[in-house]
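Novice: Structure in structure tokens, see below.
No value in this document is a laboratory result; all are computed from the given coordinates. Since the structure is predicted, the reported quantities are computational estimates derived from the model, not experimental observations. A quick note on method: Cβ atoms are made from the backbone with ideal geometry, for glycine too, and the neighbour counts reach across all protein chains shown.
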Amino acid sequence: MARGHSHRAAGVLISDRNGSTTTYALNSLQERGELFCGPGVEVYEGMIVGQHSRDNDLDVNAVREKKLTNMRASTSDEGFV
């Protein structure tokens, strides 16, 4: 490899915003590669949060929260007494 040229076999997952990582967001990101942090970690915009399985870099939202609705699934209350 020529000096000064960098070629990575894998890209990185880059946080696109500041905040605290959520389990919900990380669950969807783990399919894209290996994560370097778990839930509840403070991240900043531009921070590398994982390694992508392909050779391109991806901007990702690692702080996304699940949308809450008023509707309940029919099984959501099962197990509660």
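Novice: If you take all C-alpha pairs in region 32-73, what percent of them are over 11 Å apart?
Specialist: 72
Novice: May I pose another question? Summing Lys, Arg as +1 and Asp, Glu as -1, what charge do residues with Cβ under 10 Å from the Cβ of Gly46 carry, Gly46 excluded?
Specialist: Taking every Cβ under 10 Å from that of Gly46, the sum is -2.
Novice: What is the extension gain from Asn18 to Cys37, computed as 0.36 nm multiplied by their sequence separation minus the C-alpha to C-alpha distance, in nm to one decimal?
Specialist: Value of the extension gain: 5.4 nm.
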